[in-house]
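Let me begin by presenting the structure, written as structure tokens, before commenting on it.
Just so you know, all these numbers are worked out from the coordinates, no wet-lab data involved. Note that the structure is predicted; figures quoted are calculated from it, not measured. So basically every Cβ, Gly included, is an ideal-geometry build from the backbone, and we count neighbours across all protein chains shown.
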Amino acid sequence: MKLAQTVFKQRRDQLAQAMGPNSVAIIATSPVAMRNRDADYKYRADSSFYYLTGFAEPEAVAVIETGNDPDDYLYSLFCRERDREMEIWNGYRAGIDGAIDDYDADEAYAIDLLDEEILSKITHCEALYYRIAENVEFDARVTGWLAKLQQGRQFKLPTQLKPLDAIVDEMRLFKTAAEIELMQTAADISAQAHTRAMQSVRPGMMEYALEAELNYIFGQHGCVPAYGSIVGGGANACILHYVENDQELKEGDLVLIDAGCEYQYYAGDISRTFPVNGRFSPQQKALYQVVLDAQLAAIEQIHVGVSYKQPHYAAVRVLVTGLVALGLLQGDVDELINTEAYHRFYMHGTGHWLGIDVHDVGEYQVDAAPRPFEAGMVITVEPGLYIAPDDQTVDEQWRGIGIRIEDDVLVTAQGPHVLTAKVVKTIEDIEQLMANARLSS
Ligand code: GLY
Ligand code: MN
Ligand code: MN
């Protein structure tokens, strides 16, 4: 399901209202990124640009001018012109007519005319909204336009320069029903991919071969990975951003997978950790249960009005209590929390906003305090424990075990709603799923 053009229009309406009268917003999409000679990375539009336009082609800039009445703003889209030859080589373009007819632009121009047309749009405005410091080359272009206004006698500089992020990021933080539907689909496909990975893993398999099982499900749904998938067997799971995925999965080891798909521009973000041979060892079981208990305790905290930090605090308490019980930490739980003695085994936060970006936009602090949850926010909950393979301070039996369990949670007035509940996570359910898969293969 694709979002209707009316959704993107509503977002522009909301942006124009928030900008106020006599303001202009400039929103550029991402540049094409080169992989190597004559080979580009698959193009992905800038998240905020797409959020406001639904336009996925490269080389495009949207301009919103509110004039005296923000309800009656002007939306201009600068984009590539249609070009028969270029389209034969590189594919279809909406062109100027398409920008107006299919993307609801009031005016559309060839992207080559941007430098020429923009000056009259931004001169005399009271506030110019722009996302500074995301694209250095485009920043230089904007500065160049301002310099021209400064020098030109017929022009006048905008009175204020304002960060577009303050408005758009706040809008993106709160998901509408239509967005939640897309995120549920992204979560379902991601869950299906993790389920397939649990069913297909075997000792001796390469990590990249297991990654291919995830990609098979993503690809079957027209999705791409929302970020570089992590498939780490054994001690590789202790490397937080392990993406090489080029080692053999060994009998007796766990494998940690952190992977999610991007569906219609919305990300899923799931981590699961399971035994390569289908059965947890006693040590793996003990540590896994601590992480799972921490994750469940963290999810419990997700209620409207509760600080976004609360899940982290809840997770840390359960993790530290568990580490003490297993003899990996010694001392008083409160003291170990206060001195962050657990940091050696748990060195990252417990969650982040999720949406069009996997690490989505939106402030975490409001009035210098951690922000309280509100309905419509989506946050990940991803505690873990990582016992370094060379950590001489712990008994050998624990070394080289890395575990993370991550789900995506929608904040609702009724409490936490786990979008990624379709992939199992208890020890019993994982072993059962893996045993069934082995029986039937
Ligand atoms: N996969 C990135 C993260 O979990 O934050
Ligand atoms: Mn995450
Ligand atoms: Mn993740």
| field | Complete set of residues in the stretch 273-304 that are under 24 Å from I356 (Cα atoms) and touching an Asp or Glu at 6+ places or on another chain (Cβ under 8 Å) | value | Q295, I299, V304
| message | From the list T380, T420, T350, exactly one residue is touching a Pro at 6+ places or on another chain (Cβ under 8 Å) and within 13 Å of ligand 2 (Cβ to nearest atom). Which is it? | response | T350
| task | Within the stretch 44-54, identify whether any single residue is under 16 Å from A105 (Cβ atoms) and over 20 Å from the mean Cα position of the chain (by Cα), and answer yes or no. | result | no
| query | If you check G362, G305, G349, G252, which single one turns out to be in a loop (DSSP other than H, G, I, E, B), in contact with a Gly (Cβ under 9 Å, 6 or more places away or on another chain) and surrounded by fewer than 16 Cβ atoms within 10 Å (Cβ to Cβ)? | reply | G252
| Of everything in the stretch 326-375 that's under 24 Å from Q284 (Cβ atoms) and of a type in the set (A, V, I, L, M, F, W, C), which residue is farthest from ligand 1 (Cβ to nearest atom)? | V333
| Just a yes or no: is a residue in the stretch 213-230 part of a strand (DSSP E or B), touching an Asp or Glu at 6+ places or on another chain (Cβ under 7 Å) and closer than 19 Å to E251 by Cβ? | no
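One line per residue, one yes/no per condition, for (1) under 26 Å from L164 (Cβ atoms); (2) away from ligand 3 (no atom under 16 Å from the Cβ):
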position	(1), (2)
Q289	no, yes
A341	no, yes
D357	yes, no
F373	yes, yes
I387	no, yes
| Restricting the stretch 222-269 to residues that are of a type in the set (A, V, I, L, M), more than 13 Å from ligand 3 (Cβ to nearest atom) and over 30 Å from Y51 (Cβ atoms), the residue that is nearest to the chain's Cα centre (by Cα) | I239
| Does the stretch 255-289 hold any residues that are of a type in the set (F, W, Y) and outside any helix (DSSP H, G or I), and which are they? | Y263, Y265, Y266, F274, F280
| said: Given the options L214, L296, L254, name the one that is within 16 Å of ligand 1 (Cβ to nearest atom) and either touching a residue at least 12 places away in the same chain (Cβ under 8 Å) or not hydroxyl-bearing (S, T, Y) (or both). | reply: L214
| task | Report, by residue number, each residue of the stretch 376-417 that is acidic (D, E), away from ligand 1 (no atom under 16 Å from the Cβ) and crowded, with 16+ Cβ neighbours inside 10 Å. | result | D391
| request: For the stretch 40-60, state whether one or more residues are more than 23 Å from E87 (Cα to Cα) and β-branched (V, I, T). | output: no
| Residue satisfying condition, being touching a Pro at 6+ places or on another chain (Cβ under 8 Å) and touching a residue at least 40 places away in the same chain (Cβ under 8 Å), within set V290, V304 | V304
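Just a yes or no: is a residue in the stretch 246-261 within 20 Å of A186 (Cβ to Cβ) and away from ligand 2 (no atom under 16 Å from the Cβ)?
no
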| task | Report yes if some residue within the stretch 361-373 is of a type in the set (V, I, T) and within 27 Å of Y266 (Cα to Cα); otherwise report no. | result | yes
| query | Tell me, which helices (runs of 4 or more DSSP H) wholly within the stretch 1-107 include 2 or more residues that are under 21 Å from D360 (Cα atoms) and in contact (Cβ under 8 Å) with a residue 12 or more places away in the chain? | reply | 5-19, 47-53
